[in-house]
Every structure is written in C-alpha cells, then in structure tokens.
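Below: one structure in structure tokens.
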Amino acid sequence: MPPEAYSGLSSADIPKLIKKHGYNELPGKKKNSVLALLLSVLKEPMIALLVAAGFVYILLGEPQDAIMLSIMIFFIFTLTVYQERKTENAIGALKQLASPRALVIRDGIRVRIPGREVLPGDIVVLLEGDRIPADGFILEHSNLTVDESILTGESLPVSKSVWIGTGDPPRPGGKDLPVVFSGTLIVTGNGIMKAYATGAATQMGAIGKSLVSIGDEETLVHKETKKLVKLFAGIGIFLCILLVLVLGVTHGNWLEALLSGVSLSMSMLPEEFPVVLMIFFSLGAWRLSKKKVLVRNIPVVETLGAATVLCVDKTGTLTENRMELTDGVTLYGKTVKFRDRGQLDKKDPFHTLLTSASFASDGKAYDILDREILRTAGKIFGPWKPENDGWKKIKQYPISPAFLATTQYWKMDDIPGMDVFLKGAPETVLSVTDAGEAKRNEITELIKETSGKGLRILGVAAAHIDDSRMPEPQHIRYTFLGLLGFADPVRPEVPQAVAECYQAGLRVIMITGDYPGTAQNIAREIGLTNPERYITGSELHAMNHSELRERIKSTNIFARILPEQKLSIVNALKANSEIVAMTGDGVNDAPALKAAHIGISMGERGTDVAREASDIVLVTDNFIHIVEAIKTGRKI
C-alpha cells in the first residue's frame, strides 16, 4: 500500500502517549553538581585522610598546617571540577553531532518530526540514508537492507522481511528479520514500519539499562591507597594508644599524654601522598586531553599504565566500517588488487570486469557497493560517464529476494541491440550464465577460494540481446566475467599501533560479530599473533567459565560474538588477573566497556550509551591515541 493508505496516530492522542511513554530518548547521566563533585572528591581515601589531618592540626593548635592542607584540598578539588566540566561539555557537544529526524504519518498526512517525538504506534516512512528512530515492525518494504553494526558489530548490511502480524519481536542479528531497530541505518530500499518501542524500551535502551547492574570497577590506585590508609591508620592508632598509656601511667598527666599520642600518629600520616597522586593524575588527564583523549574517570589514568590486555572491537575500531573494492578475480584464479593499479588497458579482462560492474551500478543509489564500484572506476578510468560516449540507460531491475542481483539495460547509439549488465550474489549470477558444467565447477571453486579470504563477493556478467524484445534478467543467458571482492579496510595506523602494543608487552584481542574468515584476514593484516586460533560465539556459549579462562590464554580472535558474550570475555580475562582495557563504539559494547578496568569509547561515531559507560573517550576515533594514552599512563 502507498504511505497515504495509512492514517497513523491521531494528533489528539499524542499528549496522552507522551505522558504514558515519555519522549524517545535514552535517559542520560545527570550533570554532577559542584556539591556532588565535592563529595566524590572527599570519598577518596587519601583526600579523606587530608581532611582528617586538617581537623587534628586545628585541635592541636597548629592553624598554619591546617590552612596548608586546606589549600592543597582546594587545589585538588579545582582540578577535578575543571576536568569533569571540560569532559562533560565535550561529550555534550558530541551528542549534538547527529540529531536524527523521522518521517511519520499522523492524521493521514506525512510530517517530519524530531526523532525524540516518535511514539509507539507511529507509522514511520523508511527511506535510503535515514537513521531509524525506534524499534518497529516492517509493514511493507522494497529491497530494504539495514546497517545494524551499531548493535551487532556486523559490517555488512542485512536484508529484511515483512512482519506477518504475530509473534514477539526478535533480537538484532541475522538476515530477513521482520523488524528494524532504533539507531540503525537504512542502506538501500525503502519501507514502512510501525513503531513498537521507543526510548529506554528499545534494544539500544535495554543495553543501556543493563549497565546499571554492572558495578563501577575500582582502579588499582583506589585499592592501593585503601590498603595504605588502613595500614597507617592501624599503626598510628596502635602507637597513639600505646604512647598515651605509657605516658599517662608514668607521668600521670593524661591530657599531655593524649596530645603526645595524637602528635605521634600525625607525624606518621603521609599527607603528601594524596596531593602528589591527585596532581599527577589531573595533569595526566590534562595532557591526554591535548592529544584528543578525554578522561572521564581521573584515577583510571594510573590504571592505563598497568594494562596488560587490550580488547578491541573490529568494526569501526580496527577497520573503517566501510566497504572498499580491493580485489578483482577472473577465470583461472587471476587476481588484481584495484587499490594498487593505475590505468587498465581496454584489452585487459579486468578492464571489462570493472566497466561491466560500473554499467550495472546506480550512481544515484545509496548502496555502498554501487558507490564503491563507481569510485574505483573513476580512480582508474578517470572522469567518465556512459552517457558521454553515446550510451543510454533503457531499463533497470533492482535486487529482489527471488533474484539476488541488480541488472541494467544499456543501448549504444546507432548500434543494433542492447547490452545487459548484471552483478549480484555469485551463485545467482552463475545460475544464469552460459557456462558448461566443467566451467561452472571451475567458477564455483573460484568463488569458494575468494570468499575464504574474508571478502564480500559479487559476481559480474554481461550479455547482448536483440532490440525487439526485453526479457527479464533471469531469462537471459550471460557470459560470466569474474568476481569483485570487497573488504572493510583496516585503518592505516592500526598495524603500527598493534606492533607498539606488543613491544610494550600489551596483548591485543579482537572481538567481532563477523565471520571467522573475515576476522582472521584482518588479524593477519594488522599483525595479530596466533591468527589461526579463534573462538566463535556458539563455541563460547557451550563453554563454562573455567574452560573460557583456559582457552582465552592463547586465543586472540573472537568471531560471531553476541553483545552479552563480550562481557563474558572481559570477566574471564579479569578472572585470570589481567588488567583489561576495552575499546568500542556501539551500544553492544557498553556493558563490556563498563565492566573492564579501562573502558575506551569512540567520540565521533560512538553512541551516547557507550560514551557514558566508558572511562576514556577518543575524540578523533584514532586508534594510535590508545597507545599514546597507555604510554602516558606508564609514565605517570
């Protein structure tokens, strides 16, 4: 049905629904007041020690020492407030980078509203390039694919199906689900959905709420200072009581004995320790902010230097979270790396392969693979449009569930007939080619070999047909031209950063929702150790905690991992006495970020939930800054 056939919510119902469900936004962390910050500072064991020492100095009649300690406390408090406010302001600015709007149908009319005003029951029109504002059932769609990496970690878009009207909504992950999820991005196609969950009730909100059950991890300096305070307090109290008893019994002046005991215990208090520690950590946080690294929890600066394991989310952290055309493969296994090639001779089979793929791509589409094919062709061939050479597009068929390929019909001026160009799933393309059995077996082996490299594969074919008839794509016999391989490229700074981690004795573990083959390919490219060993999500699910603790000692790749399993990995490492740093940007990373000793989130593309759960925010999403932050922590 066209969108106009839906009436949507009534304007009269909106106030009631807002009162019932609230606005479509995640509950954020409230801004700490100055009083709350003061209390948090005073809770620090060593600061509490300074305050106690100041009171004792006043009782002993030494106001100069009490004033000096008060100045130190004020200085530490000022530094803490400044750093906290600076970080809150920066994160607040990052939240404003994206303010999605939604196209909804209300009272039978299409209106575009702020995403926070979407309510359960709203009929939402989904278009290419839109960010989905709520969790919803798909009422109808046309070739809809959605990038759900923010929730699942999978770098490739997933297809969708229509909701049949019954059953509970499934969780994110997998193809052909009849639902879409808040915060995900529409890559291709369009559709109409009915929102069933908004705000904290969405899948994104559910992960955010689960963070409440995870307690804040005490830093190493917290633990050490607690031990130190208890040790000195115990010794001081013991010696104070002993001295008071000895002097009181021997001299009979109990007041003088009490003052002497207190003076002795005060002489043992390490008042300088908290001042030095807090100043060093605050200055360290300030230095890191100069390197585009925001510290949300100042004591974690010291923990950075003690980190032994760095758990890294692959998509968007190690890689750029985009598809790049890297390989072209023709028959007999001949391969070309497009990223390394300049001009291609017109007689080169790879020239024909890339040109035909360009003819089968739509430059106006939002599809990331179409755009990447045309970008690569432009880089190799230079500025070129088929229309400028006399070509005219006659017809095109988009991808469909029944035929997983896109087809475009082109005609050249003054030349009889027309050319048809096809690209899509290799098995679909192969099924409509004119290859014999022997050739099909050869191509099938080529597909298996290429996909084993962890690449996203598209098959390309072409045919020439008569003008007088225009059969549908699946009824044409094509000539198979080859395969195109796409990869999510590794960030250029990552291999060097990984090498520096190993030189510093820091182990790196990659966690991804992608397939093992893709993960292993990335691991080899960045120089990860033991790339042949991996654990999948299904294997991890079958393990008990003890088995996971043992296997994780020698495994650095975790593939097809669900969000809740990331938390299990972090907990297993902590149980092995590792100091764990965890990076991530999606909502699915938030529980693990909070549970880790050091949670590191991405500022530019990271979600609000991930940033709130982390201790450190990388403003520029540059992986090398993690290494620099650890270096600074070790210096401190």
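The values are calculated or read from the model by the stated rules, or taken from the named source; none is laboratory data. Computed from a predicted model, the values in this text were never measured in an experiment. Cβ coordinates were reconstructed from backbone atoms using ideal geometry, including for glycine residues, and neighbour counts include every protein chain displayed. Surface accessibility is based on the protein's heavy atoms, side chains included, excluding ligands, DNA and RNA. Shrake-Rupley method; radii C 1.70, N 1.55, O 1.52, S 1.80 Å.
Using per-residue counts of other Cβ atoms within 10 Å, averaged over each peptide, order 437-450, 138-151 from highest down.
138-151, 437-450
For segment 587-636, what does the accessible surface come to per residue with a 1.4 Å probe? Please give it in Å².
24
Another question about this same structure. Mind checking the per residue accessible area of segment 431-550 for me, 1.4 Å probe, whole number of Å²?
For segment 431-550, the per-residue accessible area is 47 Å².
Oh, and also: Report the GluC sites (Glu not before Pro) located in segment 470-577 that are in a DSSP loop and have at most 10 other Cβ atoms inside 10 Å of their Cβ, or state none.
532
In whole Hz and in residue order, list the ³J(HN,Hα) couplings for segment 493-508 that follow from phi through the Karplus curve 6.51 cos²θ - 1.76 cosθ + 1.60, θ = phi - 60°; x for Gly and Pro.
In residue order, the calculated couplings are 7, 5, x, 5, 5, 5, 4, 5, 4, 5, 4, 8, x, 9, 7, 10 Hz.
Here's a follow-up. Please give me, ordered by residue number, the trypsin sites (Lys or Arg not before Pro) of segment 549-578 that lie in loop per DSSP and have at most 14 other Cβ atoms within 10 Å.
553
Another question, if that's okay. Across segment 437-454, in residue order, what do the Karplus-derived ³J(HN,Hα) couplings come to in whole Hz, using 6.51 cos²θ - 1.76 cosθ + 1.60 with θ = phi - 60° and x for Gly and Pro?
Those phi angles translate into 4, 4, 5, 4, 4, 5, 5, 4, 5, 5, 5, 4, 5, 6, 5, x, 7, x Hz.
Another question about this same structure. Figure the gain on full extension for residue 71 and residue 543 (residue separation times 0.36 nm, minus the Cα-Cα span) and round it to one decimal in nm.
164.4 nm
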